[in-house]
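Worksheet: the structure to be examined is printed underneath.
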Amino acid sequence: MLLTLQHAIERDAADPLRALRAHFAVPRAAGGEPAVYLCGHSLGLMPRAARAQVDQVLDDWAQRAVLAHEHGHRPWITYHDALAAPTAELLGCRADEVAVMNSLSVNLQLMLASFYRPAGLRRCILIEAGAFPSDRYAVTTHLQWHGLEPGEALIELAPRAGEDCVREQDLEDLLARRGEEIALVLWPGVQYLTGQAFDLPRIARAAHDAGALAGFDLAHSVGNMPLPLRDTAADFAVWCSYKYLNAGPGATAGAFVHHRHFRSERPRLAGWWGHELATRFQMPQAFRAAHGAAGFQLSNQSVLAAAPLVTSLGLFREAGVQQLREKSVALTAAFEQLLRARVPEAHIITPREPAARGAQLSLRIGADAQRAHRVFQWLAAHGAICDWREPNIIRAAPAPLYNTYADVFTFVTRLEEALRSA
Ligand SMILES: *Cc1c(COP(=O)(O)O)cnc(C)c1O
């Protein structure tokens with residue numbers, strides 16, 4: 001049965017997670033009413049309590065200054081260490097495999113420094129042809145750093161002709177064919193443009209069977225769906241915290257290092273914050289890595305950029321990652337059903353199977369890219385916030401922490417109107 005506004009309101013009233021929305025600040029549309037915000041895949045909404053969390057850091061700074069490193073409300077020296085455990089719950093891994101630090105692209109560069117070690121014939125990096133630009137720049141510059149030509153050492157896998165999504169089978173076939181040349185597979189958990197969620201254990205297995213390492217970019221996965229890093233045996237992963245994790249613009253990001261690499265002799269780009277804590281402030285000359293992923297930290301951490309993450313991770317714990325996923329699957333299914341019924345012109349390129357997607361649906365709007373862009377602008381002007389990716393893709397994601405069935409209903413109604421007026 002097709003969702004009506006009345007059904008949407010009833011489903012929201014019956015939602016066991018409905019109280020969470022009040023914890024977030026929802027922007028207003030031009031008319032003063034709350035906007036329909038389906039852009040949590042780009043920048044998650046602000047948890048209201050983040051303000052108090054940031055204020056606490058400012059207060060500690062004002063009242064205790066340097067003493068807050070050890071005597072803050074949450075001492076700054078170990079501020080980020082406490083974020084590893086709740087993050088690990090979202091990733092499905094051990095807390096000591098997580099370092100909350102830096103930003104995503106920086107972490108990717110650091111991980112590549114340790115895990116991309118071309119040797120002999122095995123020199124290539126395999127990425128998807130549609131990789132996010134920063135990921136592409138990172139691997140390309142690493143190849144150059146090692147004196148290799150990206151034209152020769154970068155292998156890209158594209159979807160089959162006429163398809164939008166990459167098949168895991170094709171990745172397995174490529175690895176079976178050219179595995180001996182491949183040192184590293186860098187793959188997204190959820191593809192940023194299409195919203196396709198990949199079978200990460202399967203990809204890691206294929207990489208390892210070929211003798212390559214497997215690294216994942218989880219920018220669009222973490223907080224979007226429960227993750228199985230424990231079962232994937234991935235070598236490393238990186239993510240940011242401002243998308244589904246709602247930690248604010250440029251918030252402190254994270255990296256995962258599998259525990260089998262803790263004792264390895266891999267080189268790393270080190271800084272004093274990665275030195276073991278017990279002797280860090282004795283200022284020793286020789287670097288002794290802290291246990292686990294924490295040993296990959298470089299600098300004393302940006303506490304202000306991590307404070308909202310404390311709040312947000314608390315809300316994830318309260319909600320439960322499985323409950324969030326259940327709501328997310330149902331909410332995105334209702335969104336899809338409405339779109340197919342009411343706006344068939346918006347072609348959904350995201351896979352249909354719930355296991356192969358998260359919250360986001362990506363819509364290709366007709367053949368005329370200029371008209372598609374007018375549709376997007378009309379939506380923005382009428383309080384329906386989503387985002388635009390060239391040449392003609394609108395991405396919209398109902399985030400289960402704060403979005404409602406009413407949001408989804410209103411968005412589709414606006415999209416119908418936008419297509420009529422564009
Ligand atoms: C959002 C995103 C990034 C962003 O990188 P920053 O370093 O946080 O600016 C990188 N890679 C992917 C796949 C993304 O989706």
For the range 246-261, what are the residues that are touching a residue at least 60 places away in the same chain (Cβ under 8 Å) and either part of a loop (DSSP other than H, G, I, E, B) or farther than 27 Å from residue 118 by Cα (or both)?
246, 247, 248, 249, 250, 252, 253, 258
Just wondering, is there one or more residues in the range 300-310 that are part of a helix (DSSP H, G or I), out of contact with any Gly (no Cβ under 7 Å at 6 or more places or on another chain) and either within 16 Å of the ligand (Cβ to nearest atom) or acidic (Asp, Glu) (or both)?
yes
For the range 219-233, pairs from a residue that is of a type in the set (D, E, K, R) to a residue that is within 15 Å of the ligand (Cβ to nearest atom), with Cβ under 9 Å and 6 or more apart or across chains, are 231/200
Filter the range 30-44 for residues that are touching a helix residue (DSSP H, G or I) at 6+ places or on another chain (Cβ under 9 Å) and part of a loop (DSSP other than H, G, I, E, B); which is farthest from the ligand (Cβ to nearest atom)?
30
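Being under 30 Å from residue 24 (Cα atoms) and surrounded by 24 or more Cβ atoms within 10 Å (Cβ to Cβ) narrows it down to one residue among 200, 245; which is it? Step through it out loud before you land on a result.
Working: 200 fails: under 30 Å from residue 24 (Cα atoms).
The unique qualifying residue is 245.
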Qualifying positions in the range 207-225 - part of a strand (DSSP E or B) and either away from the ligand (no atom under 15 Å from the Cβ) or among the aliphatic types (A, V, I, L, M) (or both):
213, 214
Kindly establish whether residue 192 is surrounded by fewer than 20 Cβ atoms within 10 Å (Cβ to Cβ), within 16 Å of the ligand (Cβ to nearest atom) and under 25 Å from the mean Cα position of the chain (by Cα).
no
Working only within the range 92-151, note down all residues that are in a helix (DSSP H, G or I), within 15 Å of the ligand (Cβ to nearest atom) and of a type in the set (Asp, Glu).
135
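Determine whether residue 306 is in contact with an Asp or Glu (Cβ under 7 Å, 6 or more places away or on another chain), crowded, with 21+ Cβ neighbours inside 10 Å, closer than 30 Å to residue 253 by Cα and modelled with pLDDT of 95 or more.
Details: in contact with an Asp or Glu (Cβ under 7 Å, 6 or more places away or on another chain): no; crowded, with 21+ Cβ neighbours inside 10 Å: yes; closer than 30 Å to residue 253 by Cα: yes; modelled with pLDDT of 95 or more: yes.
So residue 306 fails the test.
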Report every pair of residues separated by at least 6 positions or lying on different chains whose Cβ atoms are under 6 Å apart, first residue within the range 35-48 and in contact (Cβ under 8 Å) with a residue 40 or more places away in the chain, second among the acidic types (Asp, Glu).
36/407; 39/387; 42/387
Among the residues in the range 6-21, are any touching a Lys or Arg at 6+ places or on another chain (Cβ under 8 Å), over 19 Å from residue 323 (Cα atoms) and not basic (Lys, Arg)?
no
Selected residue (criterion: farthest from residue 383 (Cα to Cα)) from residues of the range 28-49 that are among the hydrophobic types (A, V, I, L, M, F, W, C) and touching a strand residue (DSSP E or B) at 6+ places or on another chain (Cβ under 9 Å):
46
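What about residue 280, is it under 18 Å from residue 98 (Cβ atoms), surrounded by fewer than 17 Cβ atoms within 10 Å (Cβ to Cβ) and either within 16 Å of the ligand (Cβ to nearest atom) or of a type outside the set (A, V, I, L, M, F, W, C) (or both)? Steps first, answer last, please.
Details: under 18 Å from residue 98 (Cβ atoms): no; surrounded by fewer than 17 Cβ atoms within 10 Å (Cβ to Cβ): yes; either within 16 Å of the ligand (Cβ to nearest atom) or of a type outside the set (A, V, I, L, M, F, W, C) (or both): yes.
The answer is no for residue 280.
Any residue at all in the range 351-367 that is at pLDDT 95 or above, of a type in the set (D, E, K, R) and in contact with an Asp or Glu (Cβ under 7 Å, 6 or more places away or on another chain)? Please lay out each step first, then the result.
Kept after step one, since they are at pLDDT 95 or above, are these residues of the range 351-367: 351-364.
Imposing the further condition that a residue be of a type in the set (D, E, K, R) reduces the set to 352-353, 357, 364.
Right, trim to in contact with an Asp or Glu (Cβ under 7 Å, 6 or more places away or on another chain) and you get none.
Within the range 351-367, not a single residue is at pLDDT 95 or above, of a type in the set (D, E, K, R) and in contact with an Asp or Glu (Cβ under 7 Å, 6 or more places away or on another chain).
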Which listed residue, of 399, 367, is part of a loop (DSSP other than H, G, I, E, B), free of Cβ contacts under 8 Å to residues at least 40 places away in the same chain and either of a type in the set (Gly, Ala, Ser) or within 27 Å of residue 225 (Cα to Cα) (or both)
367
Scan the range 313-336 and report the pairs whose first residue is touching a residue at least 12 places away in the same chain (Cβ under 8 Å) and whose second residue is among the basic types (Lys, Arg), with Cβ atoms within less than 8 Å and a gap of 6+ or a chain change.
332/357; 334/11; 336/352
Return a yes/no flag: does the range 126-133 have any residue that is within 12 Å of residue 184 (Cβ to Cβ), surrounded by 19 or more Cβ atoms within 10 Å (Cβ to Cβ) and at pLDDT 95 or above.
yes
Quick one: count up the residues across the range 98-108 that are in contact (Cβ under 8 Å) with a residue 60 or more places away in the chain and surrounded by fewer than 24 Cβ atoms within 10 Å (Cβ to Cβ).
3
Residue 243 fails exactly one of (1) in a strand (DSSP E or B); (2) within 14 Å of the ligand (Cβ to nearest atom), namely (1)
Condition first: in contact with a strand residue (DSSP E or B) (Cβ under 9 Å, 6 or more places away or on another chain) and under 25 Å from residue 89 (Cβ atoms). Can you find one or more residues in the range 376-398 that meet it?
yes
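The values are calculated or read from the model by the stated rules, or taken from the named source; none is laboratory data. Bear in mind the structure is a predicted one, so any value in this text is a computation, not a measurement. Glycine gets a Cβ as well: all are built from the backbone with ideal geometry, and neighbour counts include every protein chain shown.
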